[in-house]
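This report refers to the structure that appears directly beneath it.
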Amino acid sequence: MGNLEKPALGGWKEVKTFVQKRWQFCHLSKTIEEYFSEIMQAHKMGGIDLTAEEISRYARHLTLPEIGIVGQKHLKASSVLCIGSGGLGSPILLYLAAAGIGNIGIVDFDSVEDSNLQRQVLHGMSWIGKPKIDSARARILEINPHCQVDTFSTRLSPHNALDIIRKFDIVCDCTDNFPSRYLINDACVILGKPNIYGSVSRFEGQATVFNLNRESPNYRDLIPEPPPPGLLPSCSEGGVLGVLPGLIGIIQATEAIKIITGVGTTLSGRLLVFDALKMSFRELTLRPSIKRQQIDKLIDYQDFCGSREYSNSKSESLDIDSISVLELSKLLGREHEEIILLDVRNQSEYDLISIPQSKSIPLKDIENGEAIENIRKMIKGKKLYVHCKSGKRSLKALSLLKRHNIQGTNIAGGIDAWISKKLSNNLNHKKGSD
């Protein structure tokens, strides 16, 4: 394998065993001799020497024979990109920072909201209203100032994905929508990057490793075609147990550490499914599909994941009238006898909080047609107004009702805007009293 110097830290036998194991996880475009040479050259670089402080910090890693000095150096020399710093991203970023990953990247364009804090443990009250990536960066550096943190305050898109992802060794997919998942998958396939995937919904979660090597399955082997928009509820619509993203995210972080250090057996080719209510894990075997097409370019993923029905309903929604919650408040106080206000959120959401005088008819009952005649009777001689949480489901409901010749008006911003208006009014009233 060439005349390579024995590394200053870590025995020759340990290094050789480590390299042989880690090579098995990598894309097989290099021989083991070429890969070994690269590793040893990296170990000669002063940039990955461990300081006395780091040796003390990572002492519990260094005592593990499977990791040791060599493995810890590789953690320091590695780079991991976390796309999303919410429920799944929080535990991943916390534990990768603690583990000593040298370069951590974060892609996020969102701001911290109070509803995030139930599960996004990376953020705190003082960061509400501020960018998540700033909160994440501050918390990571508080845990481990040795980490280099690169932040990308942008939405990942076909225009920037390759440029952002190619800078990192491993990608952790912490997103919650299909266009992003297909985009991340395809970019990782093109660039030859491992893609550590996780997802959560209600009381269930799943995790796996895609694209670990040329024989590995990728996301398109799990879900070849995206489901119709709206078929699966988002976390805001269906809810999620707060601890669940923590558990799945820690599994993702564990897989990243295993890939980097070359220890254990990864989830490549296995989908791990967790049920919190039963406290049970089960595994499903994943294999590359013989029908999958070669991925050599990025596409328009919003279009790919949008059905014709969604496109049509979106076009129809442009013809739907909308009013603000301020206008709704005036209507409710002035002519409520002539108004029917429908809340198309799930019944559990309605039971938690609702707008006065509203009636609950979940969107699913409009989609399957069960509520159509009931709504027709309710609005006889009255004006129909529809709202949901933010205004998206209500637009969809009104688009569907139009096909049954039922006209209505959307409440822009939904109950979120209603609550914000009430809080603002209360705050102004308090200031006036002072």
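Scanning the stretch 83-101 for residues that are within 14 Å of Ile143 (Cβ to Cβ) and in contact with a Gly (Cβ under 9 Å, 6 or more places away or on another chain) turns up Ser90, Pro91, Ile92, Leu93, Leu94, Tyr95. Among the residues of the stretch 96-138 satisfying the criterion of being assigned to a loop (DSSP other than H, G, I, E, B) and of a type in the set (A, V, I, L, M), which is nearest to Ala77 (Cα to Cα)? Within the stretch 96-138, the match that is nearest to Ala77 (Cα to Cα) is Ile101. One residue alone among Asp319, Asp300, Asp275, Asp296 is at pLDDT below 95, surrounded by 12 or more Cβ atoms within 10 Å (Cβ to Cβ) and acidic (Asp, Glu), and that residue is Asp300. Within the option set Ser199, Ser180, Ser157, being in contact (Cβ under 8 Å) with a residue 12 or more places away in the chain, surrounded by fewer than 17 Cβ atoms within 10 Å (Cβ to Cβ) and not hydrophobic (A, V, I, L, M, F, W, C) holds for one residue only, Ser157.
Once the stretch 382-405 is narrowed to residues that are part of a loop (DSSP other than H, G, I, E, B) and in contact with a helix residue (DSSP H, G or I) (Cβ under 7 Å, 6 or more places away or on another chain), the residue that is surrounded by the most Cβ atoms within 10 Å (Cβ to Cβ) is Cys388. Would you pick out the residues in the stretch 352-367 that are in a helix (DSSP H, G or I) and within 17 Å of Gly413 (Cα to Cα)? Residue satisfying the conditions is Leu363 alone. In the stretch 263-280, what residues are among the aromatic types (Phe, Trp, Tyr) and either more than 21 Å from the chain's Cα centre (by Cα) or outside the structural domain of Tyr219 (by TED's automatic domain parsing) (or both)? Matches in the stretch 263-280: none. Taking the stretch 161-218 on its own, how many of its residues are within 21 Å of Asp300 (Cβ to Cβ) and among the acidic types (Asp, Glu)? So the count comes out to 4.
Within the stretch 183-196, if we keep just the residues that are of a type in the set (A, V, I, L, M) and in contact with a helix residue (DSSP H, G or I) (Cβ under 8 Å, 6 or more places away or on another chain), the residue that is surrounded by the most Cβ atoms within 10 Å (Cβ to Cβ) turns out to be Ile196. The number of residues in the stretch 337-381 that are among the acidic types (Asp, Glu) and surrounded by 18 or more Cβ atoms within 10 Å (Cβ to Cβ) comes to 2. Could we say that Ile353 is over 36 Å from the mean Cα position of the chain (by Cα) and assigned by TED's automatic domain parsing to the domain that holds Ala412 here? No, not satisfied.
Scanning the stretch 68-95 for residues that are outside any loop (DSSP other than H, G, I, E, B), within 18 Å of Gly249 (Cβ to Cβ), touching a Pro at 6+ places or on another chain (Cβ under 8 Å) and of a type outside the set (S, T, N, Q) yields one hit, Pro91. Of the residues Glu337, Glu370, Glu349, the single one that is modelled with pLDDT of 90 or more and not in a strand (DSSP E or B) is Glu370.
A single member of Lys422, Lys383 is modelled with pLDDT under 85 and either over 13 Å from Asp343 (Cα atoms) or not assigned by TED's automatic domain parsing to the domain that holds Lys330 (or both), and it is Lys422. With respect to being in contact (Cβ under 8 Å) with a residue 12 or more places away in the chain, surrounded by fewer than 22 Cβ atoms within 10 Å (Cβ to Cβ), over 17 Å from Cys188 (Cβ atoms) and not small (Gly, Ala, Ser), Gln120 falls outside the description.
Scanning the stretch 244-290 for residues that are touching a residue at least 24 places away in the same chain (Cβ under 8 Å) and among the basic types (Lys, Arg) returns Arg270, Arg287.
The values are calculated or read from the model by the stated rules, or taken from the named source; none is laboratory data. Worth saying up front: this structure is predicted, and the values here are computed from it rather than measured. Note that each Cβ is placed from the backbone with ideal geometry, even for glycine, and that neighbours are counted across all protein chains shown.
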